[in-house]
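Visitor: Sharing a structure below in structure tokens format, with a few things to ask.
Values in this text are rule-based calculations from the coordinates and carry no lab data. Source: prediction; values computed, not measured. Note that each Cβ is placed from the backbone with ideal geometry, even for glycine, and that neighbours are counted across all protein chains shown.
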Amino acid sequence: MKLVIIVLNKIECLRDVLRRFCDEDLHATILNSTGLAHSLEDDEPHFLASFRMLLDPARKESKTILVMTEKEKIPLIRTILDEETGGWSKPDTGIMCVVNIEEVDK
């Protein structure tokens with residue numbers, strides 16, 4: 001069993017990603033999340049905050065998507081994410097990682 005962790009910065013794609021997951025019988029948990037840099041905005045010097053606003057004025061939060069699935073479904077998840085977000089290679093889209101799950105209790 002695997003846990004796919006997706007931090008989706010491009011949150012305007014969230015609904016389409018989730019619809020596709022549902023179509024493929026993939027179940028997910030969605031969490032609101034904020035990156036470290038945005039969390040520390042109030043602590044940084046004024047000139048750094050102004051510079052950050054020039055680079056990324058709108059995005060303050062991300063969505064973290066957790067999907068517990070079989071190893072065989074990971075390529076499908078990648079395909080859905082690539083198609084719905086335009087690809088991870090585009091700036092500030094997000095990140096995905098996969099970790100092993102040792103045990104699951106229900």
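Visitor: Could you list 24, 84 in order of exposure, starting from the residue whose Cβ has the fewest other Cβ atoms within 10 Å? Write down the numbers at each step before the final one.
Guide: Details: 24 13, 84 19.
So the ranking, lowest neighbour count to highest, is 24, 84.
Visitor: Which of 26, 31 has the fewest other C-beta atoms within 10 Å, and how do the rest follow up to the most? Mind showing how you got there, number by number?
Guide: Working: 26 19, 31 10.
With the sparsest Cβ surroundings first, the list reads 31, 26.
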